[in-house]
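This report refers to the structure that appears directly beneath it.
The values are calculated or read from the model by the stated rules, or taken from the named source; none is laboratory data. All of these numbers come straight from a predicted model, not from anything done at the bench. All Cβ positions, glycine included, derive from the backbone under ideal geometry; neighbour counts span all protein chains shown. Just so you know, the surface numbers come from the protein's heavy atoms only, side chains and all, with ligands and any DNA or RNA stripped out. Shrake-Rupley method; radii C 1.70, N 1.55, O 1.52, S 1.80 Å.
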Amino acid sequence: MAEFVADLIRQTGQTAPTLVTDLPASSDAGWTGDIIRHETTRGASWTVRLGELLSHAGNAWVLVVEPGARLSGTFLPILQRHIAAQPGARLLHGDFDHLGADGSRSRPVMVPPRWDEDLALQVNLLRGWIALKPPVGGLPSLFDGPPSSALYQIGLAVSVGAEDTSVVHVPHVLAHLTVADAPDETAAYDTIRGQALARRGLDANLGAGPSRATHRFRFLVPEPAPKISVIIPTRDGGDLLATCLDGVRSGTDYGALEIIVVDNGSENPRTLRTLSDLDGDPRCRVIRHDQPFNFSEIINLAVSQSTGSLICLLNDDIRVLDRTWLREMAGLALRPDVGIVGALLLFEDGRVQHAGVTLGLLGHVAGHDFHYQPEAELRRHVRFAHVHQTSAVTAACAVLRRDVYDGVGGMEPEHLAVNYNDLDLCLKIGATGLKVLWTPFARLVHAESATRGKDERVRKFALSNAEGGYIASKWPQVHRRDPSLNPNLSLEHPAFGLSFVVAVPSAARDPGDQAARERVFATAREIARTADILPENLAFHAAKAAHHLKLDDLAARLTLEAVLQTPDAYTANLVAGTCLSRVGELEQARFFFRCANRISPQAVRPWLYLGLIAEQLGEPAEAVQILSTVLTHDPFNKQATAALESLKPGVGPGAR
């Protein structure tokens, strides 16, 4: 209590809030604001006593701080600013980290900015503090659980039926946890989450989660199970198609299936035999689409001829890994608040091909979460290990209700024949207020992207030129930050590492002031220390600070040291190349851009910078080839367009 009072007292320039407590006067020595004391049940747990105190709150904003949590020195002004800016808010919460006995900070937890009820029902992300306006009629009685669960119980109660504007995330690490989690927490969370599901009218089975005090819930499919129409487009799918069909027909534990294969002009004998073999299975049907390839048109055709109340979109290069995959997805898709459900797709080597879609990832219109990351290293990652909301999922494997598909008009065949049709579908579904969910518990292998060669990838980029422009004009939000991604996380890597915007004193803006340059390094060290950046990353963040100040010679020196320390860091290599190119070290810069491209081959910026470097080095043919590839994927890239116009007049989005 004394530390909590001290934390609030040091909030400079702020009016002290009213302290409501059941503790004796000796516990709040030095408090300058009003104090209200209430008696609570003697011998009761902290959680029960808290519930009794909250019953006296009335309609005022209430701040609840977890026992042992220390508050940032900027806590109150930031909290008050967010309360003033969100008049419809009922609950505020924020990010947190952990404070060691030696004062070191570690394990930051960056909570999704959009309230994700599905994620919240599986893992407790309401830690450190919450601020709330008690609902009319008061809060339900709190379950006698560990102190770390009290804020969670309150948050789950207040957020029932909450609108997006009712639960507000404060994107700052304002609380530092100091108390270790109790070993017996899991049993308490069984009760807490069971009560929360019941309040919401959700019928789900709770099972053990990927780590202690987390859960996995299974939404059961009713009996008799609704029919699912599995739609599989193919063109000369060969052995991949045969494997996919075998997994659906005999490797899936869902019996009420209608399997529709849409053949887009196959000529391969193996494929034709596979299609012919389907004639003996009453569940299977082949539809011919002997027209130029148009994925949206193919899917719309198949859906129009399907009879299932659920639709499963499935690529012909998918291999089933687990018999329960479709039942898992169907159970979620049948919920009335859910619009579409995506699956975990893996490459053959165990790396992640798809784990949801984030807008703006790696400079793209959108990108796949955790792309190319080893699945084995992600199983305890909060975002990866649990069902959660996402902006979109890939149609390589997705399940949705037929009425949802029809309600948004299906896919867009006129403007999105090849790419982004699934992104457009998901954004349309999300715009209706329905959830786009991704589950890690439907695991399948997606072979196509792993085997496609570079030439095919470039060809596909070319086909998506106009389609990327259509998406960008139809959905302006793709240019803004994804609502599911915490602004403290980076879009420069698919595994969402921390992103730090390094602020430096204005006095350090003189490039000729050596003392100011040293202050840049010192400032970066301090930021790194307080943000718990590991020591080996200090040089990198110092380089970023210098780079933002256009002190590129200093930045180049520091970033070389940073890359030596973290050679496989995408951003470090990207910053190194940028700084070196600005000081004229073009060959060295090209080396680091190539390294960044190798680490994240799906990122646009390394391709762009490699093209610009080739132009500066007098290699016009290579520059045109690389920059053309950039434009086919990012048709409104001004730097690539300008460079191409100077190298090859008439080349650009409008001329393609």
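Could you pull out the pairs from 227/428; 227/435; 435/474; 227/474 whose alpha carbons sit more than 26 Å apart here?
Values: 227/428 24 Å; 227/435 22 Å; 435/474 20 Å; 227/474 34 Å.
Check vs 26 Å cut-off fails for 227/474.
Take the alpha carbon gyration tensor of segment 147-208, find the square roots of its eigenvalues, order them as a ≥ b ≥ c, and report rounded if a/c is under 1.5; if not, report prolate when a/b exceeds b/c, else oblate.
Working: a/c = 2.58, a/b = 1.06, b/c = 2.44.
In terms of gyration-tensor shape, oblate.
Sort 38, 56 by heavy-atom solvent-accessible area, probe 1.4 angstrom, most to least.
Numbers: 38 50, 56 100 Å².
The ordering from most to least exposed comes out as 56, 38.
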Next on the checklist: Could you sort 144, 337 by their accessible area in this structure, using a 1.4 Å probe and putting the largest first?
Outcome noted: 144, 337
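Might you tell me the accessible area per residue for segment 136-263, computed with a 1.4 Å probe and given in Å²? All intermediate terms of the calculation are to be shown ahead of the outcome.
Values: 5150 Å² over 128 residues.
Result: 40 Å² per residue.
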Checklist outcome for this item: Computed over all unlike Cα pairs, the Kirkwood hydrodynamic radius of segment 40-195 in Å stands at 16.0
Next on the checklist: How much accessible area per residue does segment 401-445 have, counting only protein heavy atoms and a probe of 1.4 Å, in square angstrom?
Outcome noted: 32
Item to check | residue 230 long-range amide H proximity, modeled H, under 5 Å | outcome: 258, 259, 260, 312
Checklist outcome for this item: Excluding ligands, DNA and RNA, the carbon-plus-sulfur percentage of the accessible area of segment 265-420 with a 1.4 Å probe reads 49
Checklist outcome for this item: Sorted by chain and then number, the residues having a modelled amide H within less than 5 Å of the amide H of residue 172, at least 5 places away or on another chain, are 95
Next on the checklist: Just to confirm, what accessible area per residue do you get for segment 330-393 at 1.4 Å probe, in whole Å²?
Outcome noted: 27
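Could you tell me what percent of the accessible area of segment 99-183 is made up of carbon and sulfur, with a 1.4 Å probe and every protein chain present?
On the way: 1770 of 3240 Å².
C and S fraction of accessible area: 55 percent.
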Checklist entry - Which far-off residues, 5 or more places away or on another chain, put their amide H under 5 Å from the one on residue 497, with H placed in the peptide plane? => result 490
Checklist outcome for this item: Checked segment 116-174 against the a/c 1.5 cut and the a/b vs b/c comparison, axes a ≥ b ≥ c from its Cα gyration tensor; verdict rounded
Item to check | Per-residue ³J(HN,Hα) for segment 156-162, Karplus 6.51 cos²θ - 1.76 cosθ + 1.60, θ = phi - 60°, Hz, x for Gly and Pro | outcome: 5, 6, 5, 8, 4, x, 6
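Relative contact order, percent, of segment 241-287 when contacts are C-alpha pairs under 8 Å separated by at least 6 residues?
On the way: 29 pairs, mean separation 22.2, N = 47.
Computed value for segment 241-287: 47 percent relative contact order.
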Item to check | Karplus-derived 3J(HN,Hα), 6.51/-1.76/1.60, for each residue of segment 230-243, Hz, glycine and proline x | outcome: 8, 9, 10, x, 8, 8, 6, x, x, 5, 4, 4, 4, 5
Checklist outcome for this item: By the C-alpha gyration tensor axes a ≥ b ≥ c (rounded if a/c is under 1.5, else prolate when a/b exceeds b/c, else oblate), the shape of segment 581-636 is oblate
Checklist outcome for this item: Phi-derived 3J(HN,Hα) across segment 84-101 with the Karplus relation (6.51, -1.76, 1.60, θ = phi - 60°), rounded Hz, x for Gly and Pro, is 5, 7, 10, x, x, 6, 10, 8, 10, 8, x, 7, 8, 9, 10, 10, x, 4
Item to check | Filtered trypsin sites (Lys or Arg not before Pro), segment 183-221: DSSP coil and at most 13 other beta carbons within 10 Å | outcome: 212
